[in-house]
Amino acid sequence: MGTGTLPVSDHGLFPAEHRSLRELYAMARQLGGHWGRLDEKLDQPPEVLARGVAASKELLAELAERTAPYGVHGIPAATGAGAWSSRVRGAGNLLLERNQALRSAVLDVQHVTTLLAFLAALAARRDDAALATWHRKWETRLLEIEADVRAAAVAEADDPARAIEPYDGSKLGRAGHKLVVGLGTLGEAIDSHVARRR
């Protein structure tokens, strides 16, 4: 394929590639942080969460080795952004039911697998077979984890009562869950009233 006249950095990367590699640092760190909190808070957490946390740490370690020759570094700023984002996600989970929290975990890993596929295509466009192969290896590995966490989220339907329990069983988590259920009930009453008047 080759880059032709397409602009690349001093280290040979497309600008989109450079930015996306830094994004990968942040999103891999967010994945590990968010899934780690889910694993700690959920009663009977699916084992795939622990696998996802371990994989995110391994990905970040390899990523640092892979990107350094290209002049791309993600510590501390990019990974710090990912850690901050995972804390925000964790705080938001206080309002969620168990099934909702697990479904949100699917979105974390989907973001990373899509980003890896994009990066593989960019590296291939530059004829960088080694980096493209590395991205594809990680995409394949995380797609397996993505499929497993999606299956775990869907399996919440096997126990509908447990599926709607608060994600966080602490007093604060139960209070947040109760607030959201109350707001949902109010919203449903408003929608029903409007529908009857039409």
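Just so it is clear, none of the values below were taken in a lab; they were calculated from the coordinates. Values in this document were obtained by computation on a predicted structure and should not be read as measured data. With ideal geometry, Cβ positions are generated from the backbone for all residues, glycine too; neighbour counts draw on all protein chains shown.
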If amide H atoms are modeled at 1.01 Å from N in the peptide plane, then the residues at a separation of 5 or more from GLU97, or on another chain, having amide H under 5 Å from its own are TYR167
Anchor LYS171: lysines whose Cα lies under 29 Å away (excluding residues fewer than 8 positions away in-chain): LYS41
Those aspartates and glutamates that a straight Cα-Cα span of less than 13 Å connects to LYS178, excepting residues fewer than 8 apart in one chain: GLU97, GLU165, ASP168
Shape call for the stretch 56-168 from the C-alpha gyration tensor, a ≥ b ≥ c root eigenvalues: rounded (a/c under 1.5), prolate (a/b greater than b/c) or oblate? oblate
For the stretch 52-69, Karplus-derived ³J(HN,Hα) couplings (6.51, -1.76, 1.60; θ = phi - 60°; whole Hz; x for glycine and proline) come out as x, 5, 4, 5, 5, 5, 5, 4, 4, 5, 5, 4, 4, 5, 6, 8, 4, x
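For the chain, what does the relative contact order come out to in percent, with C-alpha contacts under 8 Å and a separation of six or more? Numbers along the way, then the final one.
On the way: 229 pairs, mean separation 54.3, N = 198.
Relative CO of the chain lands at 27 percent.
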How charged is the neighbourhood of LEU59? Take every other residue with its Cβ under 15 Å from the Cβ of LEU59, and add Lys/Arg as +1 and Asp/Glu as -1. 0
Which of the lysines could a cross-linker span from LYS137 if the Cα-Cα distance has to be under 26 Å and same-chain partners fewer than 8 positions apart are dropped? LYS57
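Considering only the other residues whose Cβ falls under 14 Å of the Cβ of GLY90, what net charge follows from Lys and Arg at +1 and Asp and Glu at -1?
Net of charged neighbours comes to +1.
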Relative contact order for the stretch 1-105 using alpha-carbon pairs under 8 Å, separation at least 6, rounded to a whole percent? 37
